[in-house]
Amino acid sequence: MPEKNKIYIAEITGFTSEGSGVCRIDDMAVFVPNTAAGDIVEIKIVKVLSHYAFGIVSRIINPSPDREVRHCEVYGKCGGCVFRHISYEAECRAKDEIVRDAFTRIGGLSPRFDDFIYAENPDNYRNKAQYPLAVIDGKAVCGFYAQRSHRVIPLTYCPLQPVIFSAILDIVLEYINEKKLSVYDEKTGTGILRHIYIRKGYHSNEIMVCIVARKNISRQLFSLCNRLTKLFFDVKSIVLNINPDKTNVILGNECIVLSGSPEITDIMCGNRIKISPLSFYQVNTFQAEKIYQKALEYANPSDSDIIADLYCGAGTIGLSMSQFTKKIVGIEIVPDAIKNAKQNALQNNISNAEFYCGDAGEVFESLNKKGCNPDTIIVDPPRKGCSEDTLKIVISASPKRIVMISCNPATAARDAKFLAENNYSIDKICGADLFPGTKHVECVVLMSRDN
């Protein structure tokens with residue numbers, strides 16, 4: 001067993017799902033951040049548990065050929081990216097392996113794996129960013145949290161965000177400091193301004209600026225609205241979100257429109273999509289369109305099929321399939337998202353889509369009892385995956401196919417294993433990179449009912 005604070009030499013052979021390198025020392029797995037597969041490194045052991053240990057790099061003896069500097073001024077300090085020290089091709093190989101490992105090792109499954117979907121542009125891809133505010137040296141700053149903390153690392157330019165986000169942040173911070181507006185302190189629960197939240201339509205270029213505050217300070221922000229709309233033609237919506245609670249949740253339930261419209265519009269898979277501050281919308285539009293195309297390929301609907309879209313958000317997945325099938329039934333727990341989904345169907349002249357607000361499993365169970373018998377069920381759950389109750393409800397509906405889109409291969413593998421134990425074969429899986437630079441990886445899974 002490796003000893004704490006002792007130095008060892010080892011070769012990094014792979015990655016964890018968190019993006020740390022993996023090596024073996026004295027037959028124990030050791031996880032080492034900021035390393036690359038193929039590195040020969042000196043490692044200092046910092047923590048030893050019963051079955052694995054953690055280490056940090058003391059010295060790189062022989063660097064991996066995958067090492068490549070993808071510039072970011074706060075890489076290693078900010079908790080966002082874990083793969084900016086290797087080439088993008090190597091990052092995708094690692095993520096593909098994470099997906100495969102989850103389903104074969106965690107799930108104990110042996111499906112066919114389709115080719116991994118790379119991102120054509122691994123930088124400037126995000127259409128949404130949420131920047132926590134803090135006070136450092138007497139000035140309001142924003143940025144991202146350091147890894148495993150709520151300590152703000154100040155920055156206004158991130159390589160993953162559109163360049164215009166940086167320019168908008170500079171103006172907002174200048175205004176906050178000029179007007180001496182108070183910034184929220186998470187520890188004491190005092191102060192007002194909490195986050196700056198920006199969304200941008202990938203195809204439309206429309207921008208929403210959302211200020212998250214502990215209370216209504218609309219009057220103090222009208223001059224800011226004038227500055228932003230004069231400087232940035234594409235800013236079509238400025239919203240104040242009220243979050244009075246002492247919580248880590250970013251957004252509250254109340255939104256006040258300060259300027260422009262309550263939503264912005266973008267194009268997704270050929271459909272015009274309205275996006276409000278509270279709506280779920282994939283952060284990488286171009287890659288999401290590829291994933292939805294893969295989901296459509298897996299669903300393979302006929303013009304007589306009914307598709308149920310659980311966790312439907314603003315309806316983007318179901319609406320992208322509506323022209324190929326008889327009927328779409330979407331379910332989502334967020335009221336604003338369902339409102340947007342209905343608006344999206346209406347403005348795209350889609351008449352064969354219905355949307356319901358509520359818990360995905362409970363609402364679908366009720367609809368199923370009333371005669372809704374879908375041929376295909378699409379599930380796009382949050383990172384925690386589907387609850388067992390929801391999976392049981394899906395199984396009881398006995399659809400021919402289940403297509404799962406997941407941002408967490410581990411919970412997707414767990415859920416797929418449960419479905420495999422209940423008369424569904426796991427046919428095909430496709431990994432996809434929706435979040436270049438970060439540890440996150442998406443996957444699409446096709447399951448079909450065993451006869």
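The values are calculated or read from the model by the stated rules, or taken from the named source; none is laboratory data. Being a predicted model, the structure only gives us computed values, none of them experimental. Positions of Cβ are backbone-derived with ideal geometry, glycine not excepted, and every protein chain shown enters the neighbour counts. Note: accessible area is taken over every heavy atom of the protein model, side chains too, but ligands, DNA and RNA are not part of it. Shrake-Rupley method; radii C 1.70, N 1.55, O 1.52, S 1.80 Å.
Quick look at the numbers
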{"quantity": "Test: residue in the range 327-343 that is touching a Gly at 6+ places or on another chain (Cβ under 9 Å), assigned to a helix (DSSP H, G or I) and open to solvent by 60 Å² or more (accessible area, probe 1.4 Å)", "calculated": "yes"}
{"quantity": "Residue selected from the range 126-146 under the condition under 26 Å from Ser279 (Cα atoms) and part of a loop (DSSP other than H, G, I, E, B), by the criterion most open to solvent (accessible area, probe 1.4 Å)", "calculated": "Arg126"}
{"quantity": "Residues being surrounded by fewer than 23 Cβ atoms within 10 Å (Cβ to Cβ) and farther than 14 Å from Thr411 by Cα - total across the range 436-451", "calculated": "6"}
{"quantity": "Number of positions in the range 207-263 that are in a loop (DSSP other than H, G, I, E, B) and open to solvent by 40 Å² or more (accessible area, probe 1.4 Å)", "calculated": "15"}
{"quantity": "Matching residues in the range 186-206 - criterion: being touching a residue at least 12 places away in the same chain (Cβ under 8 Å) and part of a strand (DSSP E or B)", "calculated": "Leu193, Arg194, His195, Ile196, Tyr197, Ile198, Arg199, Lys200"}
{"quantity": "Cys372, sole failed condition from (1) open to solvent by less than 60 Å² (accessible area, probe 1.4 Å); (2) under 28 Å from Tyr118 (Cα atoms)", "calculated": "(2)"}
{"quantity": "Pairs where the first residue, in the range 274-291, is part of a strand (DSSP E or B) and the second is open to solvent by less than 10 Å² (accessible area, probe 1.4 Å) and of a type in the set (D, E, K, R), C-beta under 7 Å, 6+ apart", "calculated": "Ile275/Arg199; Ile275/Asp266"}
{"quantity": "Candidate set from the range 319-361 (those that are of a type in the set (D, E, K, R) and over 26 Å from the mean Cα position of the chain (by Cα)); member that is farthest from Ile275 (Cα to Cα)", "calculated": "Lys326"}
{"quantity": "Residue identified as at pLDDT below 95 and within 19 Å of the chain's Cα centre (by Cα) among Val74, Val99, Val69, Val82", "calculated": "Val82"}
{"quantity": "Residue list for the range 293-318, restricted to those being within 20 Å of the chain's Cα centre (by Cα) and free of Cβ contacts under 8 Å to residues at least 60 places away in the same chain", "calculated": "Gln293, Ala314, Gly315, Thr316"}
{"quantity": "Subset of the range 15-60 [under 28 Å from Cys92 (Cβ atoms) and among the polar types (S, T, N, Q)]", "calculated": "Thr16, Ser17, Ser20, Asn34, Thr35"}
{"quantity": "Pairs, first within 18 Å of Ile198 (Cβ to Cβ) in the range 144-157, second modelled with pLDDT of 90 or more and of a type in the set (D, E, K, R), C-beta under 6 Å, six or more apart", "calculated": "Thr156/Asp170"}
{"quantity": "Residue tally, condition in a helix (DSSP H, G or I) and either open to solvent by 40 Å² or more (accessible area, probe 1.4 Å) or among the charged types (D, E, K, R) (or both), over the range 155-166", "calculated": "2"}
{"quantity": "Selection count where residues are acidic (Asp, Glu) and either in a strand (DSSP E or B) or at pLDDT 95 or above (or both), scope the range 353-375", "calculated": "2"}
{"quantity": "Test set (1) crowded, with 20+ Cβ neighbours inside 10 Å; (2) of a type outside the set (Asp, Glu); (3) modelled with pLDDT of 95 or more - Val152 fails condition number", "calculated": "(3)"}
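Residues checked against (1) aliphatic (A, V, I, L, M); (2) modelled with pLDDT under 95; (3) closer than 25 Å to Phe280 by Cα:
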position	(1), (2), (3)
Ile377	yes, no, yes
Ile393	yes, yes, yes
Lys400	no, no, no
Val403	yes, no, yes
Cys430	no, no, yes
